[in-house]
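Please read the structure below before turning to the comments.
The values are calculated or read from the model by the stated rules, or taken from the named source; none is laboratory data. Everything numeric in this text was worked out from a predicted model, so none of it was measured. Cβ sites come from the backbone with ideal geometry, for glycine too, and all protein chains shown count toward neighbours.
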Amino acid sequence: MEFFKKSQAVRLKSHLDKYLIADDDQISTRQSRRGAATKSGRWLVELVETNPHVIRLKSCYNRYLTASHEPFLLGMTGHKVLQTMPENPGKDLRIEWQPIRDGFQVKLKAFGGTFLRANGGTPPWRNSVTHDSPHTAATHDWVVWDVEGVEVPEDEAAADYFSMVSSLSSVSDEISGLEFGFGSPVSARSSLPRSASPSPRWLSMKKSPLISVPRTPAMDLFRNAKSVRLKSVHDKFLIAEENEESVTQDRNGSSKSAKWIVEIVENSDTIIRLKSCYGKYLTSSNRPFLLGMTGRKVLQTLPKRLDSSVEWEPIRENGAVKLKTRYGQFLRANGGLPPWRNSVTHDIPNRTVTQDWVCWEVHVVEILEAQSPTPPLAAAKEDSFASESSSPSTSRSSKSASFSGPEPESNDSLVSSPPKGSNGRLIYFHIADEHGDVDEGFEELSITFKGNEVKELARRLEAELGIDGLTVCTRSPLNGKLYPLRLQLPPNNTTMHVVVLPPASKVVS
């Protein structure tokens, strides 16, 4: 209830990653993925003076969200949720909703004891919104909503309404546009991701605007990555098959065959190569997948000379990433019946139904350590090491951008601190929930930080995330437990990996 008291308006996001919107007929309500980008997905919060435990929600058409008595389908228990304007709103209990916390989410309870429910399944249930009581465990999540606070411009037509609305504070629109999804590890689909809101849901309950965490360009997800996993719209991962030639999809993303080593193409800031665990490159071949069809096979190959067939351009698309070939096709995860099921091709999606098939979540598995320019002597030593080793190089040099396993201990001198006059050290951080759990499916975020004081670092992270009272922790390499940082940070601007705990966490004292 505290969150609604401090927000002018909210968006409600269902378990299907769709938003509650007010239809333009000014009567119906439904779910839509585009609710974050339209005013119809925004609901003004009105407090009830006679009952501090309930709220009213008003659509952009100045009509109230209403738990009606009209059945959604004859013979079914669910009833329609509509937009209405009662003659006497102060006495109409159908427009009052009681927010009830459920973990980091909220259930909205109507006067009769039913709950606002986002329905899934086939039409006519798909995208519909009703109020009902969940009778089975399978539909429990259907009545649970993520709440995203939004800021409403004062120059809108509804400005005169705001004088009646509690406006203790406002929450920026950026909270809903934030893509921690980067993804979903660092998930890029969030919008991080299908992943979910990519970030822990307590972030959506924060009190102040997110002021300086930018939207991450697609290439930035790969630039600091040693290896990644790619997750398709079908919730399956891009897999390098054991025959060391085929590429498919599989739900098991924990296998080594789901990990792809990132290479930045020399003299390019927009093109990457992806290498499988078998040392072969993800390749857009000219071989048709099926005769007479447009899609062509995506393979693992190791050409004698690296050409454009192994080059991919990451492009951001609505929170996800598309991988484009140099000839305009896209890496596509196919669905449907065999032989299409689990196959991977490159093609141009011509139908709306397959537009999402070229969208991928990017899960960063390993982070590339920041390095300073290598002195001539060290560079010669590095080249010698690379030439004598049979394994792929793990250091970025002027000749190669290939990354694989962990850095050799004897090569520590090559991973030096940033040169003097730099912007400081890189701090990578995961955001844990109140129990200290970290979703490893989401990428670490990062900031550049000058200084050695832990308190200064905590204040910087609080400013970045717009949340007060954060605790900065490190994870013990022995038992994996979290311990708060108390002393100064390591000297020489050493890159660090930390975990951020929310204010309500009692994991550490």
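Scanning segment 267-303 for residues that are assigned to a loop (DSSP other than H, G, I, E, B) and of a type in the set (S, T, N, Q) yields 267, 268, 270, 276, 294. The single condition among (1) surrounded by fewer than 22 Cβ atoms within 10 Å (Cβ to Cβ); (2) within 29 Å of the chain's Cα centre (by Cα) that residue 282 does not satisfy is (1).
Within segment 7-23, the presence of a residue that is modelled with pLDDT under 90, more than 17 Å from residue 145 (Cβ to Cβ), surrounded by fewer than 19 Cβ atoms within 10 Å (Cβ to Cβ) and in the same structural domain as residue 86 (by TED's automatic domain parsing) is excluded. Would it be correct to say that residue 48 is surrounded by 15 or more Cβ atoms within 10 Å (Cβ to Cβ), under 18 Å from residue 100 (Cα atoms), modelled with pLDDT of 85 or more and over 32 Å from the mean Cα position of the chain (by Cα)? Considered against the rule, which asks whether it is surrounded by 15 or more Cβ atoms within 10 Å (Cβ to Cβ), under 18 Å from residue 100 (Cα atoms), modelled with pLDDT of 85 or more and over 32 Å from the mean Cα position of the chain (by Cα), residue 48 comes out as yes. Of the strands (runs of 3 or more DSSP E) lying entirely inside segment 444-509, the ones with 2 or more residues being among the aliphatic types (A, V, I, L, M) are found at 445-449, 496-501. Residue 60 meets the conditions (1) in contact with a Gly (Cβ under 8 Å, 6 or more places away or on another chain); (2) assigned to a loop (DSSP other than H, G, I, E, B); (3) surrounded by 21 or more Cβ atoms within 10 Å (Cβ to Cβ) in every case but one. The failed one is (1). All conditions but one from (1) closer than 20 Å to residue 223 by Cα; (2) in a loop (DSSP other than H, G, I, E, B) apply to residue 314; the one that does not is (2). Residue 437 fails exactly one of the following numbered conditions: (1) over 19 Å from residue 504 (Cα atoms); (2) part of a loop (DSSP other than H, G, I, E, B); (3) acidic (Asp, Glu). What is the number of that condition? It fails just one condition, (1).
Flag set for residue 59, criterion: assigned by TED's automatic domain parsing to the domain that holds residue 146, polar (S, T, N, Q), modelled with pLDDT of 90 or more and under 30 Å from residue 320 (Cβ atoms). Candidates are the residues of segment 477-509 that are surrounded by fewer than 19 Cβ atoms within 10 Å (Cβ to Cβ), within 13 Å of residue 436 (Cα to Cα) and not aliphatic (A, V, I, L, M); the one that is modelled with the lowest pLDDT is 509. Taken together, the criteria place residue 94 among residues that are modelled with pLDDT of 90 or more, assigned to a helix (DSSP H, G or I) and farther than 16 Å from residue 148 by Cα. Among the criteria (1) modelled with pLDDT of 80 or more; (2) under 26 Å from residue 228 (Cα atoms), the one residue 456 does not fulfil is (2). Is segment 67-78 home to any residue that is assigned to a loop (DSSP other than H, G, I, E, B), at positive phi and buried (at least 17 other Cβ atoms within 10 Å of the Cβ)? Within segment 67-78 (the criterion being assigned to a loop (DSSP other than H, G, I, E, B), at positive phi and buried (at least 17 other Cβ atoms within 10 Å of the Cβ)), the answer is no, since none of the residues qualifies. Say we look at segment 245-266 and pick out the residues that are under 17 Å from residue 309 (Cα atoms) and not in a strand (DSSP E or B); which of these is modelled with the lowest pLDDT? The selected residue is 266.
Report yes if some residue within segment 330-343 is of a type in the set (D, E, K, R), closer than 15 Å to residue 355 by Cα and buried (at least 19 other Cβ atoms within 10 Å of the Cβ); otherwise report no. Scanning segment 330-343, I find at least one residue that is of a type in the set (D, E, K, R), closer than 15 Å to residue 355 by Cα and buried (at least 19 other Cβ atoms within 10 Å of the Cβ), so the answer is yes.
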